[in-house]
Amino acid sequence: MKTATWAQLRANIPRLLAAAVAIILSVGFIVGTLTLSDTFNQTVEKAFTATLAKSDVTVTPEETTPEQQPSDAAATKESAAAEKYLSALRSTEGVDTAGALYQSYAELRFGTKRTYAELTALPAERLRWQQLASGDWPRTADQLTVDKDTAMAQSVGVGDSVTLLKSEIDAESGALKETPVDLTIIGITKPEGSVINSGAATVGMTEAGLKEVFPDLTPISYGVAGAGSSDTDLATSVSYALDQAGLGSAQVQTRQEALAEKLDQVVGSTQILTTVVLVFGFIALLVAGIVIANTFQVLVAQRTRELALLRCIGADAGQVRRSVLTESLVLGLAASALGVLVGYGLASGVALWSRMANSGIQLGTAQLSVASISIGMVVGVVVTVGAALSPARRATRVRPLAALRPADEVDVKSKRGMVRLIIAFLMIVVGIVGLIAGALKVGITLALPAGALTFLGLLLASSLLIPLAVRAVGMLVSWTGVPGKLAALNAVRNPGRTAATAAALLVGVTLVGMMIVGSASVRTSVQNQIDERRPVDLWVQTTNPDGLTENQLSAAATEPDVRESVVLDGTPVSFGTEDSAADSTEASTDSPLIALGAPASDIQKVAHSGGLVPKPGQLLVNPITLNELGIANQTVKTGSSIAVTAGHDTIELTIKHENRVPDGVIMVAPGDLTRLDSTPTAQQVWLELDPDLSSSEIQSVQSNIMSHGDELSVYGGAAERAIYGEVLDMLLLVVLCLLAIAVVIALVGVGNTMALSVLERRRESALLRAMGLTKGQLRGMLAIEAVLVAAVAAVLGVIFGVFFAWAGAASILMETDITASLSIPWAQIGTVVAVAAIAGLLASVLPARRATKMTPVEGLAVD
């Protein structure tokens, strides 16, 4: 029997090849999903915890933050405290190296270009997480390193000069002044694995160099590297030493504890990342299981007569079962191993693309874990062997002569079929109720299991749902002629096979549609929230009291990525004077405040939401501006009157709090602005950008505009919108690449079923040919049949996908302050349906060729 089994394997290689392709792609789907999830997880960890990478123990002083800017006396005290910490740490038994982490932020200039940079004092080599791409490390206070992305964007390299702006308080006037400090680039560092490339520069300096620019800087934390002891033992020793030195209030954490806390602060909870992995892993297992089982069951079922013949010539039932299982085991092992390679290759390609393309998101090197390999292999083998059990059991449970006859299909109207439909109906009803409740009230904790229950119910009901839909659509094409009428009849003649063929495609298209619509809906919802909160892409303002110059206005308006620009005239004003009306709210302001005004039609050209157009006699102000001016929002409420003064002119306006107004200005109607100042100057220009710009490209636009004047600054919501969009785009790309494999697998199943259907119907096809059906009509019949099944599965998948997407997006966003908005990208959805239909057409080509090559006489002679 072993000889017969291996002979069957060799003889059936063409037939098993289709099943092998399904297994390879399914296992690749699983491995690719898990690998990309692991890679994304590790990239996020590396991005947000880079400073902790080389420290075995981290010490955080109590209430120390990077924003602290102490007075001279406090700075001296903090400096002494830092020395005390370092002395205690370095004298601790088991400590090899200890160092302080200093960081700050400043404006960096590359010639005329300006950008913002994160400055870090490079720690000792043992604690240094940064890596050099070229050049050397800074050794003197006038040297620095910049990251590779910034060096490329600003066209600078080793040996070039840059300027840092040192901000300090003038001792005489008390005003903030900026002193330029010239430095030399000595090295270029590699990107630190940031998952989001925001375009901001990363600068490394010596501790002495950073303190020359920011003498009041205090340590954020202290890093400790051990000399061989475990992290836990080292943390215990450090805690004891700090306690003995009177510094017991500091927080001492091992690397893993610090990593977990940092991720909790940044991403809310480390469980979020784990949940993402499990959700996509579950989807991968579901799709792979259905596709492999359906494909292999059809193939083994086709061999039922062949297996029965083996029993007729002496093989017992056990030998036949073992033969089938051996074939499936060998096929599963070989195809699963190739599937692991395919999945890893896919994940590596996506990760490489994210680093090379200007995507704004950079994944690290793909991480293929032992767990991913094991899960892929186990699923591929177990599901393949499991798929072969049922047909093998069916072939051995009946008498050989009975098995040689075609088996009857299970009718959905039978008792077993009706029970399955009732169960499926209950699952769908309960699942839909749960989805709606999760979307409107409970959240993702209910929506996720309800969605899975609904989806499984739909799959169980597919044996009735899909044939009914195919029959209904078939009526639309039956009028086209004999091929169309025959195709419509053949498509539903074997409901079980039609449902099994379309189920895999239904799964793939449902998930693709769900991710496309879900991602678009979340993106639209988030962007609507950002537009509502920060409706202007960028606004350019100046500290020059004379306003923006013509050259500066022209430079901003003609920037290549600017689609629309609006100039807002304004004048310096103050609140509250002795001339204020007796019933007005009194408030005095000494800080500079600009009143802006522009026609409503101009503002609406660039603003993504309303609320920025004041009515005559009304004043719009951001509550943050009032707080910065020392005016309590409770004192100056919406609806109260206030006197506004510009020069010698004072008018009384009604206040309205408006969070969308830029900080530091007030908005008034153009007529009111003229009453305050008959000759206002251009104080701001508002810009609408190309919506497809990445966050780094937006940073470049800001840098280009700021290079036209030291007094210029640029703000806006465009970068925030782009970053959220890039994260969603990357996740969508990753998922769609994986789900595209599911669709390919499903289409392979369509091709398999068409090929087997042609084999089963050779006599029928020959009879049709003998009765006058031409080769072209036969090919057309098979093509229409395949397109019918594929198109119906795709349309149903889109419908289900849109519903799941709405429920998923609403349940996820309901836990935030973001209002869910359903967004359906019709072009992409239409492409999915068209691709499925075209692929179904292509899947009929080879079977049709095989059917037309046989002459009617040869076909009628087939048993």
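Quick rundown of the values:
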read-out: Residues located in region 176-192, provided they are closer than 19 Å to residue 129 by Cβ and modelled with pLDDT of 85 or more; value: 186, 187, 188, 189
read-out: Residue within region 538-548 that is more than 30 Å from residue 662 (Cα to Cα) and touching a residue at least 40 places away in the same chain (Cβ under 8 Å) present; value: no
read-out: Of all residues making up region 96-133, the number that are under 27 Å from residue 700 (Cα atoms), in a strand (DSSP E or B) and among the β-branched types (Val, Ile, Thr); value: 2
read-out: Per-region count, region 806-851, residues crowded, with 21+ Cβ neighbours inside 10 Å and among the charged types (D, E, K, R); value: 0
read-out: Residue list for region 193-238, filter: among the aliphatic types (A, V, I, L, M) and modelled with pLDDT under 80; value: 195, 196, 200, 227
read-out: For residue 748: the one exception among (1) more than 25 Å from residue 527 (Cβ to Cβ); (2) surrounded by fewer than 19 Cβ atoms within 10 Å (Cβ to Cβ); (3) among the aliphatic types (A, V, I, L, M); (4) at pLDDT below 70; value: (2)
read-out: Leading residue by the ranking (nearest to residue 153 (Cα to Cα)) among those in region 692-704 that are over 18 Å from the mean Cα position of the chain (by Cα) and surrounded by fewer than 22 Cβ atoms within 10 Å (Cβ to Cβ); value: 700
read-out: Matching residues in region 499-515 - criterion: being at pLDDT below 80 and either of a type in the set (Gly, Ala, Ser) or outside the structural domain of residue 797 (by TED's automatic domain parsing) (or both); value: 499, 500, 502, 503, 504, 508
read-out: Region 673-700, subset outside any loop (DSSP other than H, G, I, E, B) and in contact with a Leu (Cβ under 7 Å, 6 or more places away or on another chain), residue farthest from residue 115 (Cα to Cα); value: 682
read-out: Matching residues in region 519-545 - criterion: being modelled with pLDDT of 85 or more, more than 11 Å from residue 609 (Cβ to Cβ) and in contact with a Ser or Thr (Cβ under 7 Å, 6 or more places away or on another chain); value: 541
read-out: In region 613-638, the residues that are out of contact with any His (no Cβ under 9 Å at 6 or more places or on another chain) and modelled with pLDDT under 85; value: 624, 625, 627, 628, 629, 630, 631, 632, 634, 635
read-out: Residue among 160, 149, 136 that alone is under 23 Å from residue 700 (Cα atoms), out of contact with any Ser or Thr (no Cβ under 7 Å at 6 or more places or on another chain), modelled with pLDDT of 90 or more and assigned by TED's automatic domain parsing to the domain that holds residue 185; value: 160
read-out: Some residue of region 849-859 being at pLDDT 80 or above and either outside any helix (DSSP H, G or I) or more than 30 Å from residue 516 (Cβ to Cβ) (or both); value: no
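The values are calculated or read from the model by the stated rules, or taken from the named source; none is laboratory data. No experiment lies behind these values; they were computed from the predicted model shown. FYI the Cβ positions are ideal-geometry reconstructions off the backbone, even for glycines, and counts take in every protein chain you see.
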